[in-house]
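So the structure is just underneath, and the comments pick up after that.
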Amino acid sequence: MSLEAQASKIIDKIISEARRQADQILSQARNEVEKIKEEQRQKALRKIQMELEKYRKELEETNKRALIEARFKAKESWLKTRESLIDEAFKKARERIATFVKTPRYPKVLEELIEEASIAIGGGSLIVQLNDKDADLNIDLAKLAKRITRKLNVITALTLSDVKVKTIGGAIVSTSDGRIVYDNTFEARLHRKERDLRLTVAKKLWGES
Amino acid sequence: MSSLVESLERFRKAEEEAKRIIEEAKKEAERLKLEASTSEIDTSKQLEDEKAKLKQEAEKTLETELKRILQEEEKEQVLKKQAEQNMEKAIEAILSEIIPGGEKP
């Protein structure tokens, strides 16, 4: 082999070795690039997941608020309706009482109301206040007083007051010195019992327990 | 003698070429790595799509729940009707407590 041919062979070897090394460098770099890209993909994925989680929570919170508001409005609306229906029952009951006081049975009931108040006070010298119309019913207060006296074993006198009360019906009974007053008008009876009666009415209207 | 000198010159040039090939490969490798590390994946489109999906789902859920609440409001109408039917019983209950002996004994 000539010297020139031998030199060419060595030169080819030098160049091919350099190319092999270059390929190795580039191949290594490409592997690293892949690794970097994979890390970036993972990073991007985490970023998306975090953003979506944040957004999901925001949406949940918005929905939650909207539902609370809607439920509150529905509840509020029902409570208003419920209360207004109970009020309606009371209003109608008042109207019925206003009609009842015009019936022949009422004077007897008025006597009972006076008696109940007088017994509650404990008898004695008592003043009875009625409305204008009831004062004209000529309730026999003396007879009633005797009945109360018998029941309580306390001498009782009932005097009709000149002062008239504004009421649908019923009576206000007080001791003559005015220290004890028992308001047994229908309005007062309604007022005293309204709290319990509202529950009773609700039970009647909806069978609530 | 002249052939030997020529051969040495060719070796020197070959060495230089080899060096250049390796240097260029190194430079290219650095460029690739730099390009990869400075580039960022654009997530905005994917994010917007996913957000739109979530929003749609949330709206659907809300709609269902609101429908359920509306159905409860319909129940309110039933209860109102029931109350109207039972109103007389309620009035009588009040009257029996307020009028001794009741309205109609």
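The values are calculated or read from the model by the stated rules, or taken from the named source; none is laboratory data. Since this is a predicted model, take the numbers as computed values, not measurements. Methodologically, a virtual Cβ is constructed for each residue, glycine included, from the backbone with ideal geometry; neighbour enumeration extends over all protein chains shown.
What is the residue count in segment A:31-59 for residues that are of a type outside the set (Ser, Thr, Tyr) and either within 7 Å of chain B (Cβ to nearest Cβ) or in contact with a helix residue (DSSP H, G or I) (Cβ under 6 Å, 6 or more places away or on another chain) (or both)? Explain how you work it out, then say what you get.
Taking segment A:31-59 as the starting set, the residues that turn out to be of a type outside the set (Ser, Thr, Tyr) are A:31-54, A:56-59.
Still in the running and either within 7 Å of chain B (Cβ to nearest Cβ) or in contact with a helix residue (DSSP H, G or I) (Cβ under 6 Å, 6 or more places away or on another chain) (or both): A:32-33, A:36-37, A:40-41, A:44, A:47-48, A:51-52, A:56, A:59.
Counting residues in segment A:31-59 that are of a type outside the set (Ser, Thr, Tyr) and either within 7 Å of chain B (Cβ to nearest Cβ) or in contact with a helix residue (DSSP H, G or I) (Cβ under 6 Å, 6 or more places away or on another chain) (or both) gives 13.
Test each condition in (1) at pLDDT 95 or above; (2) under 18 Å from the mean Cα position of the chain (by Cα); (3) hydroxyl-bearing (Ser, Thr, Tyr) for A:THR81 and report the one that comes out false.
(1)
Determine which member of the set A:ALA135, A:ALA117, A:ALA98 is crowded, with 19+ Cβ neighbours inside 10 Å and under 20 Å from B:ILE99 (Cα atoms).
Working: A:ALA135 fails: crowded, with 19+ Cβ neighbours inside 10 Å; A:ALA98 fails: crowded, with 19+ Cβ neighbours inside 10 Å.
It is A:ALA117.
Tell me, which strands (runs of 3 or more DSSP E) lie completely within segment A:76-190 with 2 or more residues that are within 14 Å of another protein chain (Cβ to nearest Cβ)?
A:170-175, A:181-185
The rows are residues; the columns are (1) assigned to a helix (DSSP H, G or I); (2) facing chain A (nearest Cβ under 7 Å); (3) touching a Leu at 6+ places or on another chain (Cβ under 6 Å).
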residue: B:PHE11; (1), (2), (3): yes, yes, no
residue: B:GLU35; (1), (2), (3): yes, no, no
residue: B:ILE41; (1), (2), (3): no, yes, no
residue: B:GLU48; (1), (2), (3): yes, no, no
residue: B:LYS51; (1), (2), (3): yes, yes, no
residue: B:LEU62; (1), (2), (3): yes, yes, no
residue: B:ARG68; (1), (2), (3): yes, no, no
residue: B:LYS81; (1), (2), (3): yes, no, no
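Could you list, in sequence order, all residues of segment A:67-92 that are in contact with a helix residue (DSSP H, G or I) (Cβ under 6 Å, 6 or more places away or on another chain) and of a type in the set (A, V, I, L, M)?
Once the filter is applied, which keeps residues that are in contact with a helix residue (DSSP H, G or I) (Cβ under 6 Å, 6 or more places away or on another chain) and of a type in the set (A, V, I, L, M), segment A:67-92 yields A:LEU67, A:ALA70, A:ALA74, A:LEU85, A:ILE86, A:ALA89.
Looking at segment B:90-103, is at least one residue more than 42 Å from the chain's Cα centre (by Cα), over 25 Å from A:GLU115 (Cβ atoms), at pLDDT 95 or above and at the interface with chain A (Cβ under 9 Å from one of its Cβ atoms)?
Filtering segment B:90-103 for residues more than 42 Å from the chain's Cα centre (by Cα) gives B:90-103.
Next cut, over 25 Å from A:GLU115 (Cβ atoms) only: B:90-91.
Filter once more, so that each one left must be at pLDDT 95 or above: B:90-91.
When the remaining residues are screened for being at the interface with chain A (Cβ under 9 Å from one of its Cβ atoms), the result is B:90-91.
Taking every residue of segment B:90-103 in turn, at least one turns out to be more than 42 Å from the chain's Cα centre (by Cα), over 25 Å from A:GLU115 (Cβ atoms), at pLDDT 95 or above and at the interface with chain A (Cβ under 9 Å from one of its Cβ atoms).
Regarding A:ARG65, is this residue touching a residue at least 60 places away in the same chain (Cβ under 8 Å) and more than 7 Å from every other protein chain (Cβ to nearest Cβ)? Working first, answer last.
Details: touching a residue at least 60 places away in the same chain (Cβ under 8 Å): no; more than 7 Å from every other protein chain (Cβ to nearest Cβ): yes.
In short, no.
Can you pull out the residues in segment A:107-164 that are of a type in the set (Lys, Arg) and within 43 Å of the chain's Cα centre (by Cα)?
A:LYS108, A:LYS133, A:LYS164
So in segment A:61-91, with the set limited to residues that are of a type in the set (S, T, N, Q) and closer than 30 Å to A:GLU187 by Cα, which one is surrounded by the most Cβ atoms within 10 Å (Cβ to Cβ)?
Initial filter on segment A:61-91 (of a type in the set (S, T, N, Q)): A:62-63, A:77, A:81, A:84.
If we keep only those that are closer than 30 Å to A:GLU187 by Cα as well, we get A:77, A:81, A:84.
Working: A:SER77: 12, A:THR81: 15, A:SER84: 12.
In this case the residue turns out to be A:THR81.
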